Amino acid sequence: MLPLQLSTVLPGFGAVLLLLVILRIRAYRRLAHIPGPVLARWTDLWLISAQSSGRCNYILADAMKKYGPIVRIGTDWVVVGDPAEVRKIWAVRSQWTRAPWYRGLRLDPYRDSTFSTQDEAFHEKLRAKLMPGYAGKDVDNLHALIDESVLDLVHLLETKYVSTDANYRPVELASKIQYFTLDVISNLAFGSKLGYVRDDADTYGYIKTTQQTVPFLMTTCLMPTVVAIIQSPKLKWLLPDAENMVGIGTVMKMARDAVDRRFGPKAEIRRDMLGSFVAHGLTQQEAYGECIAQIVAGSDTTATAIRSTLLFIMTSPHVYARFQTEIDQRVAAGQISSPITDAEAKNFPYLQAIIREGLRMYPPATGLLPKVSKKDEIVCGARIPAGTNVAWAPWAIMHSSEVFGQDAEIFRPERWIEASEDRKKLMDQVVMLDFASGSRWECLGKNVAMIELNKTYVELLRRFDFTLIDPTNPWSSFNAAFFIQKDYNVRVTPRKLSSKNT
Ligand code: HEM
């Protein structure tokens, strides 16, 4: 009996195997002319392994050094490290669109937000409703709310973490900075702070949950079939929701409650960001998604920008000294309020140079952000067949010596001051790719993020000195599209202030 069964099954099995081999060879040949690691030319395992390693940013940059400005990183994937080509693909009027990877960024498995949608028309409509609020129009107290959290952070350091010769009180700065960014965004998004800085704790477990889940979710983005399964109604219980009072579920519940208060017969009318979104026609269902998207998009990213720029300042003695001297001079000349206003900060060239140099050295959002074209295209001189995922390599782009000079590898804010106007414009266009500027997907929170950056460095360094506790191993930083950063231990000491420097 057995031999008969085998003889029936074997030809079928052989045919399936042959078909798989033919399909694999066809997939290989589609992009055979693009150089890349051998494994990546045949399977997606190379990319999956790079994404889950926590070092994808460096791995892609190394691949560019080895293979050139366009590299094959998967069966249907290439990555581009030439800023001019990325700008062309992302351009407002380009015909490229978001790739299926974005579906994995859905927070609500049944509904898209601006962040995840691949539907261009829906995306445009949503953005039109959100843009005035994000830009601060219709919002009375945007700057005051950010000031409030800046002062909360200062107060936390002053009261709990200032060390003296007699009293050593090290602080894990990565968490404190994220408490700050979470308080800012929650206050702006739904009108009440999570209160993380006040509590000096991850009270609702949001940070813990995102640190546990984001690496896995970002890897699944590379597997559309897995994403479809995870987001299927039968597995709804696996995903966070407003009823699930742990981590992100708690924050979803707060967002939902805040949104519910803005709709219905007794709707609360407020001149804040959510009020602006509602006034511009955002529906209740859309508002649930957008409020939570704000928190996810705006907290880790801005926290990474602040942490990494502070790290570069701390490890660059000439920058540290020059920055503090310039702060003191401006305070003495009455050019800086307390906290510094956005307008004063924009008028402070060395601060602006530091902000840009920090964003350049350590791009905070390093997701692959792949785009696809419906027709064959030429990218970096190579033919890219329709449907290929084209990702960007932020580390290669931001460290390009052609754009930033031969010492592009080092943190040197002076490059922004010395550059000619034309060069500065080019450098600025490239650095602002960090926010997808120049594209129709430009970060809606860029204005808010820049206000936070404009204030934080000055307010911290005018009051405190920061010393890394272990400069040989300053932090742990895991790259999962966003960065998971911890163990950033610092000694904070008070500066001797002149009477005006308060
Ligand atoms: C340094 C901080 C930040 C960086 C580097 C950053 C980066 C980005 C990038 C690269 C995108 C485009 C993603 C894509 O390809 O679709 C994006 C989109 C977005 N960001 Fe940010 N972001 C930052 C801060 C913020 C903040 C503070 C908020 C909220 C207040 C925010 C809200 C959003 C939203 C809503 C989108 C979706 C825009 C759209 O699809 O049209 N971001 N961000």
Practice task
For helix 284-314, report the angle its Cα long axis makes with the longest principal axis of the Cα atoms of the chain; keep it between 0 and 90° and round to the nearest 10°.
Solution key: 70 degrees
Exercise for the section: For Gln212 paired with Lys375, estimate the spin-label separation in nm (one decimal), with each label point 7 Å from Cα along the Cα-to-Cβ line. Expected result: 5.0 nm
Completion exercise
Counting only protein heavy atoms and leaving out ligands, DNA and RNA, the solvent-accessible surface of Asp407 at a 1.4 Å probe, in Å² to the nearest 10, equals 50 Å²
Completion exercise
Given a Förster distance of 35 Å, the FRET efficiency implied by the Cβ-Cβ spacing of Ala91 and Lys66, rounded to the nearest 0.05, works out to 0.80
Problem - For Cys56, solvent-accessible area (1.4 Å; no DNA, RNA or ligand), Å² - result: 10 Å²
Practice task
Using Cα centres only, tell me the gap between segment 46-65 and segment 105-152 in whole Å.
Solution key: 30 Å
Completion exercise
For segment 27-494, the accessible surface attributable to carbon and sulfur atoms (probe 1.4 angstrom, ligands and nucleic acids excluded) amounts in percent to 56 percent
Fill in the blank from the handout: Per residue, the convex hull enclosing the alpha carbons of the chain has a volume in Å³ of 186 Å³
Exercise for the section: Between Arg169 and Tyr28, with labels modelled 7 Å along Cα→Cβ, what's the label distance in nm to one decimal, could you check? Expected result: 6.3 nm
Exercise for the section: Treat each spin label as a single point 7 Å out from the Cα along the C-beta direction, and report the Ala267 to Asp470 distance in nm. Expected result: 5.4 nm
Practice task
Please give the helix 446-461 orientation as an angle from the longest Cα principal axis of the chain, in degrees from 0 to 90, rounded to the nearest 10.
Solution key: 50 degrees
Practice task
Please report how far the C-alpha centroid of segment 205-237 lies from that of segment 74-88, rounded to the nearest whole angstrom.
Solution key: 26 Å
Practice task
Could you state how much accessible area Lys193 has, in square angstrom rounded to the nearest 10, with a 1.4 Å probe and all protein chains kept in place?
Solution key: 70 Å²
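The values are calculated or read from the model by the stated rules, or taken from the named source; none is laboratory data. Keep in mind the model is a prediction, meaning the values are calculated, not measured. In this analysis, Cβ positions are derived from the backbone assuming ideal geometry, glycine residues included, and neighbour counts consider all displayed protein chains. Protein only, heavy atoms only, side chains kept; ligands, DNA and RNA dropped before computing areas. Shrake-Rupley method; radii C 1.70, N 1.55, O 1.52, S 1.80 Å.
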